[in-house]
1. Any residue that is out of contact with any helix residue (DSSP H, G or I) (no Cβ under 7 Å at 6 or more places or on another chain), in a helix (DSSP H, G or I) and free of Cβ contacts under 8 Å to residues at least 24 places away in the same chain - is there at least one of those in the stretch 123-133?
2. What is the one condition in (1) more than 21 Å from ALA170 (Cβ to Cβ); (2) without any contact (Cβ under 8 Å) to a residue 60 or more places away in the chain that LEU65 does not satisfy?
3. Would the stretch 25-34 turn up any residue that is at pLDDT 90 or above and touching a helix residue (DSSP H, G or I) at 6+ places or on another chain (Cβ under 9 Å)?
4. Among (1) within 23 Å of ILE19 (Cβ to Cβ); (2) within 14 Å of the chain's Cα centre (by Cα), where does ARG122 come up short?
5. Hey, can you tell me all the residues within the stretch 58-67 that are crowded, with 21+ Cβ neighbours inside 10 Å and farther than 17 Å from CYS22 by Cβ?
6. Of all the residues that make up the stretch 160-190, how many are at pLDDT 85 or above and of a type in the set (D, E, K, R)?
7. Going through the stretch 80-121 one residue at a time, which ones are out of contact with any Ser or Thr (no Cβ under 6 Å at 6 or more places or on another chain), modelled with pLDDT of 90 or more and either of a type in the set (Phe, Trp, Tyr) or not assigned by TED's automatic domain parsing to the domain that holds VAL59 (or both)?
Amino acid sequence: MKPILIKVGAFADNQITIIERCDPHFNTPFHFHPECELVYVTESSGKRIVGDSIESFDVGDMVFLGPNIPHVWYNDERYYKAAEDLRARSVVIYFPKDIFGDKFYGLHETKALTELFHRAQRGMKIIGDTHERLKDEILALPKKEGLERIIALLQILKTLSETKDCYYLASTGYSHAFNLKDNHKIDEVFKFVMNNFSREISLQDVANITNLSPQSFCRFFKNRTQKSFVQFLNEVRIGHACKRLTEEDWSIAEIAYSCGFKNLSNFNRFFKEIVGKTPKEYKNELRMQIN
């Protein structure tokens with residue numbers, strides 16, 4: 001998943017840039033930038049990649065990202081069909097980590113903010129009571145101006161620095177190794193997988209996209225994502241299976257085959273490796289939560 005360096009400052013008139021997105025689908029490629037980013041999705045669903053983390057996202061997805069961690073939100077396939085009356089909406093807040101200056105962050109009182117930015121280098125998914133508390137504050141932020149906007153952002157950051165209602169997205173040892181000259185290659189592979197994971201995908205298929213041999217492609221992909229292509233493909237498929245177990249009244253076998261697995265035993269094995277429980281256990285837990 002090769003990200004592109006995006007210059008947020010190119011469209012930012014202020015240190016704090018707030019964008020309210022409303023499009024048929026999210027269209028930003030896999031990318032990174034030196035600014036911190038807080039994202040709140042108010043409409044749409046799909047897959048989110050942050051570093052080496054792959055998860056499904058839905059309405060209410062709230063993520064805080066530190067500087068230079070690669071990320072992308074890709075919508076489900078139905079959002080790319082013109083006939084569908086769907087929208088992708090979100091509020092996105094960008095600001096440089098050093099917005100308040102070194103002396104400010106050197107204060108004893110702001111130590112928690114410095115620690116927050118360090119933790120956010122892995123990406124943080126915000127959940128629970130903190131999510132409920134912050135969503136209204138994030139939605140109100142675009143309407144604020146001047147000093148009120150800065151104070152509101154500081155309040156949000158204070159809440160994030162104190163909360164335990166979160167989990168980290170990228171793995172502990174994640175670090176990216178990117179070369180801008182081949183930015184587009186991994187992004188094209190990623191798009192291809194998202195559109196074709198339900199059918200058989202060979203190494204030759206994805207190697208052709210990058211104009212590499214299958215062996216060279218495997219090295220290329222592992223070097224930049226810290227995981228094998230097969231592992232990445234299985235994580236995408238299992239992520240989609242989790243969503244279908246939540247939304248569809250299908251049998252486990254039907255879901256397995258619809259997500260690209262050719263036999264049920266492989267599906268069960270990879271599901272437990274990635275999710276930590278069997279599909280049956282996952283489905284039973286969902287039913288208990290509903291009831």
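The values are calculated or read from the model by the stated rules, or taken from the named source; none is laboratory data. Treat the numbers as computed from the prediction; the structure is a model and nothing was measured. Please note: Cβ atoms are built from the backbone with ideal geometry, for glycine as well, and neighbour counts cover all protein chains shown.
1. Yes, there is a match, as at least one residue in the stretch 123-133 is out of contact with any helix residue (DSSP H, G or I) (no Cβ under 7 Å at 6 or more places or on another chain), in a helix (DSSP H, G or I) and free of Cβ contacts under 8 Å to residues at least 24 places away in the same chain.
2. (1)
3. Pass one, the stretch 25-34, residues at pLDDT 90 or above: 25-26.
Then keep just the ones that are touching a helix residue (DSSP H, G or I) at 6+ places or on another chain (Cβ under 9 Å); that gives 25-26.
Yes, some residue in the stretch 25-34 is at pLDDT 90 or above and touching a helix residue (DSSP H, G or I) at 6+ places or on another chain (Cβ under 9 Å).
4. Going through the list (1) within 23 Å of ILE19 (Cβ to Cβ); (2) within 14 Å of the chain's Cα centre (by Cα), ARG122 breaks only (1).
5. Going residue by residue through the stretch 58-67, those that are crowded, with 21+ Cβ neighbours inside 10 Å are 61-65.
MET62, VAL63, PHE64, LEU65, listed by residue number.
6. Of all residues in the stretch 160-190, those at pLDDT 85 or above come to 160-170, 188-190.
Adding the requirement that they be of a type in the set (D, E, K, R) leaves 162, 164-165, 188.
Count: 4.
7. Listed by number, the residues that qualify are PHE95, PHE117.
Conditions (1) touching a helix residue (DSSP H, G or I) at 6+ places or on another chain (Cβ under 8 Å); (2) buried (at least 16 other Cβ atoms within 10 Å of the Cβ); (3) in a strand (DSSP E or B), marked per residue:
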| position | (1), (2), (3) |
| --- | --- |
| ASP85 | no, no, no |
| ILE93 | yes, yes, yes |
| ASP98 | yes, no, no |
| THR114 | yes, no, no |
| HIS118 | no, no, no |
